[in-house]
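Taking it in order: structure first as structure tokens, then the write-up.
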Amino acid sequence: MKFQAKLLAITVAVASSFLTACSTSVDPAEAYKGETAQQIFNKGESELRARSYSEAIKRFEALDAQYPYEHDTETAHLHIIYAYYMSSDYASAEAAADRFVHAYPTSPHADYAYYMRGLSNYFQNMGVFEKIFAVDLATRDLTQVKKSYADFAEVVKVYPNSYYAPAAHQYMVYLRNLLANHDLEVAQYYYGRGAYVAAADRANMVVREFQGAPAVPKALVIMVKSYRHLGLAKPENDAMQVLQYNYANSTYVKNAMQKD
């Protein structure tokens, strides 16, 4: 189901926003005491449209604290996710999305929460300059990326007809390749240091878990060469056969045949 479709388009377009969310020293339970629930919510939406994300968050959190069972409170939770995300406070956006999926597991907007949690997890792994300049994330700790992949997978699996499912699937493909590249680099590291058992094991994991990824043929080459160094003829031949069958006449086969 679509939720804030136009706003989400802005989200994707300006994902590198440098706005910083400001925390409030006022207890949400005490803020805006002279206003009704509807007034707090309406003014919060006005602040959101004006991109005054800090003030919007204050209002929506006040609504949640003072009127937890109001009709608009569920929508306010979704707005909080979005406002934190647009403020580049990805950790808070992730936490807000996590609260939503636990508080409203059957909500028709749960797909949006999972999708935004996936985006927030992904961008937590990136610094300000990395959003602007190309950085190889495969060389970094990918804990948040793995969590992001799981969130996008949830959207695709549980909500296949969701408005966000196609974009989530594209993120999954990208993140899957990134995770494969990460394991490939680990295998290459082991191989370069003569740790051939570890290199073969990690390369084998790439082949088994990331079939179809661009990293697979390179992993097969590492397997062939590692087994050759170990004097293991059968696994070397098996890996070579897989490489030749799937990547015949490629430079990967020629590389695997060359001895170091």
Counting only residues that are over 19 Å from Leu184 (Cβ atoms) and among the aliphatic types (A, V, I, L, M), how many does segment 231-260 have?
-> 4
With respect to Tyr190, determine if the residue is open to solvent by 50 Å² or more (accessible area, probe 1.4 Å) and over 30 Å from Pro108 (Cβ atoms).
-> yes
Considering only helices (runs of 4 or more DSSP H) fully contained in segment 196-260, which possess at least 3 residues that are free of Cβ contacts under 8 Å to residues at least 24 places away in the same chain, surrounded by 16 or more Cβ atoms within 10 Å (Cβ to Cβ) and aliphatic (A, V, I, L, M)?
-> 196-209
Residue list for segment 34-64, filter: part of a loop (DSSP other than H, G, I, E, B) and touching a residue at least 12 places away in the same chain (Cβ under 8 Å) = Arg51
Filtering segment 81-106 for residues that are over 17 Å from Gln144 (Cβ atoms) and open to solvent by less than 10 Å² (accessible area, probe 1.4 Å) leaves a count of 5
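The values are calculated or read from the model by the stated rules, or taken from the named source; none is laboratory data. What you see is a predicted model; the values in this text were computed from it and never measured. A quick note on method: Cβ atoms are made from the backbone with ideal geometry, for glycine too, and the neighbour counts reach across all protein chains shown. All accessible areas refer to the heavy atoms of the entire protein, side chains included, with ligands and DNA or RNA removed. Shrake-Rupley method; radii C 1.70, N 1.55, O 1.52, S 1.80 Å.
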